[in-house]
Number of protein chains: 2
Amino acid sequence: MQLEAQWVVGFVDGEGCFHVGINPHAEMSVGYQVLPEFTVVQHERDIQILHALKGFFGCGVVRKNHGARMAYRVRGKEHLLQRIVPFFMAHPLKTKKNVDFLKFRDVLLLMEKEVHLTQEGVEQIRAIAAQMNRGLPR
Amino acid sequence: MQLEAQWVVGFVDGEGCFHVGINPHAEMSVGYQVLPEFTVVQHERDIQILHALKGFFGCGVVRKNHGARMAYRVRGKEHLLQRIVPFFMAHPLKTKKNVDFLKFRDVLLLMEKEVHLTQEGVEQIRAIAAQMNRGLPR
């Protein structure tokens, strides 16, 4: 299945999620791991759409989510910085989800400078992450 | 806000709903009113998207839904047959929602022939509607 850029923007405006997890992690010297991820969740009947997104972006994985739901997921700052962020800079989201995307990008640009490996940097990222995905009832 | 056709397809693949209501109606000779509707629901923060869809299709209304949610809604077989159905025939949905759309179209084509004004027609439409929007957990 071939996807067009504007279809991807529209679908992600509806179904995509940009999230920054900050998880306790004993092996990190600052005690936390910053985990940005881009996900699109669908009922398993539409798994072919998730594989089409994976093909479109040339990165990420399709995995089981909860129950009968599957997720397309991109983790790892390289793929996010090289594939996902440039795409949504060139083809902006039209909903308020773009505000979340821009904060997500801010976090990744900090991570590119390895800011997340310092205590101060983790707090800076935590402050940005706290402003994301607020009040998003379905 | 200008929307591109493929963005609209992607967004409706995620957020749109094609529904056929069959409601008891004392004033109809068959006792039921068949009410097809196309809706897109969003949080009120994205109301501008709903108005952009209204502008794009050149029909429908933007109304309050439940709580902080707003809906773009098209009812009435003329607008559905002249605006909504031709658009999604020319620009097919990519998810399994297209199966619902095609059944929705079948109902509208029956209504165009005024089949819904007979008892038999209402039952025929009821059988099609029963196959739509099945197992659509979010």
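Data for the structure
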item: Segment B:56-89, residues that are touching a residue at least 40 places away in the same chain (Cβ under 8 Å) and more than 12 Å from B:Phe18 (Cα to Cα); result: B:Phe56, B:Lys77, B:Phe87
item: Selected residue (criterion: nearest to A:Asp13 (Cα to Cα)) from residues of segment B:20-43 that are loosely packed, with under 14 Cβ neighbours inside 10 Å and within 18 Å of the chain's Cα centre (by Cα); result: B:Gly21
item: Condition met for A:Val122 (touching a His at 6+ places or on another chain (Cβ under 7 Å) and part of a helix (DSSP H, G or I)); result: yes
item: Single residue of segment B:1-19 satisfying the filter (in contact with a helix residue (DSSP H, G or I) (Cβ under 6 Å, 6 or more places away or on another chain), open to solvent by 20 Å² or more (accessible area, probe 1.4 Å) and assigned to a helix (DSSP H, G or I)) that is farthest from B:Val122 (Cα to Cα); result: B:Gln6
item: Segment B:116-128, subset farther than 14 Å from B:Ser29 by Cβ and in contact with a helix residue (DSSP H, G or I) (Cβ under 6 Å, 6 or more places away or on another chain), residue least open to solvent (accessible area, probe 1.4 Å); result: B:Ile125
item: Residue count, segment A:44-57 (criterion: farther than 19 Å from A:Arg105 by Cα and either open to solvent by less than 40 Å² (accessible area, probe 1.4 Å) or more than 14 Å from every other protein chain (Cβ to nearest Cβ) (or both)); result: 6
item: Count of segment A:58-68 residues which are assigned to a strand (DSSP E or B) and surrounded by 15 or more Cβ atoms within 10 Å (Cβ to Cβ); result: 1
item: Pairs, first more than 7 Å from chain A (Cβ to nearest Cβ) and touching a residue at least 24 places away in the same chain (Cβ under 8 Å) in segment B:1-29, second surrounded by fewer than 22 Cβ atoms within 10 Å (Cβ to Cβ) and of a type in the set (Ser, Thr, Tyr), C-beta under 8 Å, six or more apart; result: B:Gly16/B:Thr39; B:Cys17/B:Thr39; B:His19/B:Thr39; B:Ile22/B:Tyr32
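The values are calculated or read from the model by the stated rules, or taken from the named source; none is laboratory data. Bear in mind the structure is a predicted one, so any value in this text is a computation, not a measurement. Counting neighbours? That spans all protein chains shown, and the Cβs are built from the backbone with ideal geometry, glycine included. Accessible surface areas use protein heavy atoms only, side chains included; no ligands, DNA or RNA. Shrake-Rupley method; radii C 1.70, N 1.55, O 1.52, S 1.80 Å.
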